[in-house]
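Beneath this line is the structure, given in structure tokens, with notes to follow.
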Amino acid sequence: MSSHEPTRARVIPLRPVPTAKEPLWRDVVGDVLRRERLAQRRTLKDVSDAARISMPYLSELERGRKEASSEVLAAAARALGLGLADLLALAHGEIVRLTAAGARTATAGAAAPRARLTSHQGEARLRLAA
């Protein structure tokens, strides 16, 4: 190596390169609960009374501040006319959508439409939301 050649330093990053952040289950379930409640034009009080859980607790669930037990999730789902499996399927779909959206590049295009399962008087309907 001649004395006129510059030496090259190897740069080692201090932090790992950020990757797409996985959504938290409590946030996704809360979003689904709130979206379904609002789609039905129902109040927190109405749904919390039907589910027999406190209104502040339901609010905390919807905001992703609390992790609910399966019993509480089932009660909230029933109060919205859904089964626990419906709630979990909606949350799963949302996680898939969010994960896929995080993995896409900015030039990949618009987000995929969301499926929404709602039920009215025992009849389940699957709708695509824009």
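Every number in this text was worked out from the coordinates using simple rules, so none of it is lab data. Quantities reported herein were computed from a predicted structural model and do not represent experimental measurements. Please note: Cβ atoms are built from the backbone with ideal geometry, for glycine as well, and neighbour counts cover all protein chains shown.
Among residues other than L80 with Cβ under 11 Å from its Cβ, the summed charge is +2 (Lys and Arg +1, Asp and Glu -1). Among R63, R15, sorting on how many other beta-carbon atoms sit within 10 Å of each Cβ, with the fewest leading, yields R15, R63. Looking at region 59-99, which GluC sites (Glu not before Pro) are DSSP coil and have at most 15 other C-beta atoms within 10 Å of their C-beta? Taking region 59-99 and a limit of 15 other Cβ atoms within 10 Å, the loop GluC sites (Glu not before Pro) found are E67. Relative protection proxy for 40-47, 5-12, from highest mean packing down: 40-47, 5-12 (other beta-carbon atoms within 10 angstrom).
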